[in-house]
Every structure is written in C-alpha cells, then in structure tokens.
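The values are calculated or read from the model by the stated rules, or taken from the named source; none is laboratory data. Everything quoted here is computed from the prediction, not taken from an experiment. Note that we place each Cβ from the backbone using ideal geometry, even for glycine, and neighbour counts take in every protein chain shown. The protein model used for the area step is the full one, side chains on, heavy atoms only, and it has no ligands, DNA or RNA in it. Shrake-Rupley method; radii C 1.70, N 1.55, O 1.52, S 1.80 Å.
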Amino acid sequence: LCDEHGALLICDEVQAGMGRSGTLWGHENLGVEPDVFTSAKALGGGVPIGAMMARGDAASVLTPGTHASTYGGNPLACAAALAVAEYLSEHDVLANVNARGEQLVKGLQDIASRYPSVLGDVRGWGLIRGVPIMDDAGMTAAELVGDAMEEGLLLVAAGPSVVRFVPPLVVGEAEIDEALARFERAIAKRAT
C-alpha cells in the first residue's frame, strides 16, 4: 500500500526488535520491508542507545548533521550494542526465544482452556505475548497482574484487558513452567 501511494513505511522496533519477536526485527514476522525502522532499549542491553535504519530514498535525505539522537553514537553505548549483537548471534538466542515462546503459548492456551470465562486467545510473537481477559471475567488485567505479583511473578497490563508476558530472551524452560504455574495460581484466586 505504501509503495502504491509513494508513502514511507516506518516501523517502530523499540519493543519488538532485537529478537523479542522471535526474529531479529519484528517487521520480519509481517513479511514487509520498511523504508525506515527504529531501535532502542534492547539494542544496548540496558545501556541507553537509540538507532534509526533507513534505505532507499529515505536514507538519501539524511546527510551528516541532519539527524541526531541523545543516546546515539557515544562509544560506551555503541560498544554495548555491539556486545548485544554479538551475544545474540554467538549464542543462538533466537532459537531460545522461539522455543520458549512456543512453550509459553502452549501453557497459556492450556490455562485458558481451564478458565475459558477468564482468558481469551493468546496473541503475539516470540517472547512478547498477550492474553486478553474476557469482558465478563470479573477482573481487570491490572488486578490479575497484581495477583500475579503476589505470587512472585512480574507481568504487565497492556490496557484494561490484556496481560502481557515479556520474559528475558534467555529465559529457561523451567522458568517458563514456574511462571505459568504462578499465573494459574493468580487466576485461581479470583476465578471461583
């Protein structure tokens, strides 16, 4: 659609990039090739850095001095980003993201099948997954996240009705199993 109308396709990879989605860049899951995409957060492995990648005509308009970033280009941040990229490549982190992502989806689907009046269909890619709370479940995502926290599990409410799972890319099989068990205990507290 963008190509047909001469518009730029710009993707924000700040959350989905650097392997979180099971591919290096989230847009790869969509089968599109953006003209511009951005990256930050995971790019530096905790060290603040931001980057923008551009191709074609979008790249030709950016000449030295026309684009700047507060966290771009400093030696420490660049060294951190290089170390992250090397670690992702040398340790086959994407294989773990995909394996643990599938494990998480299966586990969440199993829990949803036991609590169909509470949880909807799991969505997302890799290790960025969301599970909606049904409208008539009698709880909000924030309440369920609070209950999970009482069980020792940190989750994120994504709006009023979605619980988001974003574990570390290096999470292990046993840790996913434990997270699922704690999540189910949290649900059981309210789903009586």
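Considering only the stretch 128-149, I want to know if a residue exists there that is open to solvent by 70 Å² or more (accessible area, probe 1.4 Å), touching a residue at least 24 places away in the same chain (Cβ under 8 Å) and within 29 Å of Ala95 (Cα to Cα). No, that holds for no residue. Of all the residues in the stretch 116-127, those that are closer than 26 Å to Gly19 by Cα and either of a type in the set (Phe, Trp, Tyr) or open to solvent by less than 50 Å² (accessible area, probe 1.4 Å) (or both) number 6. Of all residues in the stretch 150-189, those satisfying the criterion of being assigned to a helix (DSSP H, G or I), touching a residue at least 24 places away in the same chain (Cβ under 8 Å), within 30 Å of His91 (Cβ to Cβ) and open to solvent by 50 Å² or more (accessible area, probe 1.4 Å) are Glu173, Asp177, Arg182.
Residues in the stretch 1-28 that are of a type in the set (Gly, Ala, Ser) and crowded, with 18+ Cβ neighbours inside 10 Å: Ala16, Gly17, Gly19, Ser21, Gly22, Gly26.
I'd like to know if the stretch 85-96 contains one or more residues that are in contact with a His (Cβ under 8 Å, 6 or more places away or on another chain) and surrounded by 12 or more Cβ atoms within 10 Å (Cβ to Cβ). No, the conditions are met nowhere in the stretch 85-96. Whether a residue is of a type in the set (Ser, Thr, Tyr) and assigned to a helix (DSSP H, G or I) was assessed, and Ser89 passes this test.
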